[in-house]
Structures are given as structure tokens and as C-alpha cells.
Amino acid sequence: MARRILATMTIIVFTVLKMYGQTQDELYKEIYKQDSIFFSAFNHCDTASYRNFLTNDFEFYHDLGGLHYQDEEMQSIREMCARNSHIRRELLKNTLEIHKLGETGALEIGIHRFYHTNPGQAEHISGTYKFIHVWQQKDKTWKLSRVISYDHGEMNNH
């Protein structure tokens, strides 16, 4: 009888863990996909698509630049894209963590590298930095509500 109870409990525990793992795996894949699309817009200066990923109450916290909001973020992106240089972001996938936040949110934590290309120069690494993104899902659409960008140290944009 004790073996039967133990076997049943073991099956239940593994079933619950497997169900959670699938849900977590699906969330990981979805946020990774959203991150890729969002930063493709960044890398290609597609400001309309970039804007569509931001909530109306978007906040960006930067360890060197402080806090700015959606309008300031969009102005920064427009100015970056208007310069005659290029910035490209690359996610270091092996650092990526995705965590569920309630029923409609996700926390994305990782490290990304930025590359900078000035006119007439080859692309070079600008820096490798840490980030935290808070994603919200509403009407089956994922949007970024908060970004924390930190550990910038030196930036090499020249």
C-alpha cells in the first residue's frame, strides 16, 4: 500500500513538474521571439515597429542616463537613427533568463552586446551590458513596460 501511494505521488509530482516546465518553456520561447523582433526593429531603425512594443507608461532606467519615458525613448531612437552611424544589438542567448510574472507578465534578464559602426569604419564592439525587461501581455500582444539597463562601465562608440 505504501509503495502504491509513493508511486502515485511520484507520478503526480513529475506530471506537475512537466506541465510547469512546458509552460515555462513556451514562455521562454515566446519572450525570446518578442525580444528578437523588438531588437530587429532597433537594429534596422524601424521606429514604428519599435514604438509598437512599448506600453504607454513605458519607463527606461539606465545606470548612466537615469530615467526616461516613452516619448524620450522614441526621441533617442529617432536621433540615433538620424546619425550617420549604426548601432546593432546582439543578445548573448546563453545568459537569458525568463520568469513568469503573474498570468500576463514576464521578466527577461540577460546580457547583450552592442556594436557600433561609424562612417568609413568597420563595426566594433561598443560594450557588453546587463538588462532586465518587464513584459506585459494584453489582448495576446506582448509589450515592454519597464527596462533596466546597467553595468555599462566604459562605452566605446568611437
remark   = With criteria (1) touching a Pro at 6+ places or on another chain (Cβ under 8 Å); (2) under 16 Å from Lys33 (Cα atoms), Ser85 comes up short on (2)
note = Note on region 115-158: residues among the aromatic types (Phe, Trp, Tyr) and closer than 17 Å to Tyr50 by Cα are Trp135, Trp142
Residues (within 26 Å of Leu27 (Cα to Cα) and in contact with a strand residue (DSSP E or B) (Cβ under 7 Å, 6 or more places away or on another chain)) located in region 74-100 = Arg88, Arg89, Glu90, Leu91, Leu92, Thr95, Leu96, Glu97, Ile98, His99, Lys100
Matching residues in region 79-103 - criterion: being at pLDDT 95 or above and of a type outside the set (A, V, I, L, M) = Arg88, Arg89, Glu90, Lys93, Asn94, Thr95, Glu97, His99, Lys100
note = Within region 86-120, residues out of contact with any Leu (no Cβ under 8 Å at 6 or more places or on another chain), surrounded by 14 or more Cβ atoms within 10 Å (Cβ to Cβ), under 15 Å from Lys130 (Cα atoms) and among the hydrophobic types (A, V, I, L, M, F, W, C) come out as Leu91, Leu96, Phe114
Close pairs from region 72-89: first free of Cβ contacts under 8 Å to residues at least 12 places away in the same chain and under 25 Å from Asn56 (Cα atoms), partner hydrophobic (A, V, I, L, M, F, W, C) and buried (at least 16 other Cβ atoms within 10 Å of the Cβ), Cβ under 9 Å, at least 6 apart = Ser76/Phe60
ask   = Does region 121-147 hold any residues that are exposed (fewer than 14 other Cβ atoms within 10 Å of the Cβ), within 26 Å of Leu67 (Cβ to Cβ) and touching a residue at least 24 places away in the same chain (Cβ under 8 Å), and which are they?
value = Lys138
remark   = Selection from region 59-68 of residues out of contact with any strand residue (DSSP E or B) (no Cβ under 6 Å at 6 or more places or on another chain) and in a strand (DSSP E or B) yields Gly66
task = Could you check, for region 38-55, whether at least one of its residues is under 21 Å from Glu108 (Cα atoms), at pLDDT 95 or above and either in contact with a Ser or Thr (Cβ under 6 Å, 6 or more places away or on another chain) or acidic (Asp, Glu) (or both)?
result = yes
inquiry  = Looking only at region 69-78, filter to residues that are in contact with a helix residue (DSSP H, G or I) (Cβ under 7 Å, 6 or more places away or on another chain) and either of a type outside the set (Lys, Arg) or assigned to a strand (DSSP E or B) (or both); which one of those is modelled with the highest pLDDT?
reply    = Met74
inquiry  = Take the conditions out of contact with any Cys (no Cβ under 7 Å at 6 or more places or on another chain) and closer than 18 Å to Leu27 by Cα and apply them to Gly66. Does it pass?
reply    = no
task = Considering every residue within region 118-133, establish whether at least one is of a type in the set (A, V, I, L, M), more than 22 Å from Tyr32 (Cα to Cα) and in a strand (DSSP E or B).
result = yes
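The values are calculated or read from the model by the stated rules, or taken from the named source; none is laboratory data. Owing to the predicted nature of the structure, the values given are computational and were not obtained by experimental measurement. Every residue, glycine among them, receives a Cβ derived from its backbone with ideal geometry; neighbour counts consider all protein chains shown.
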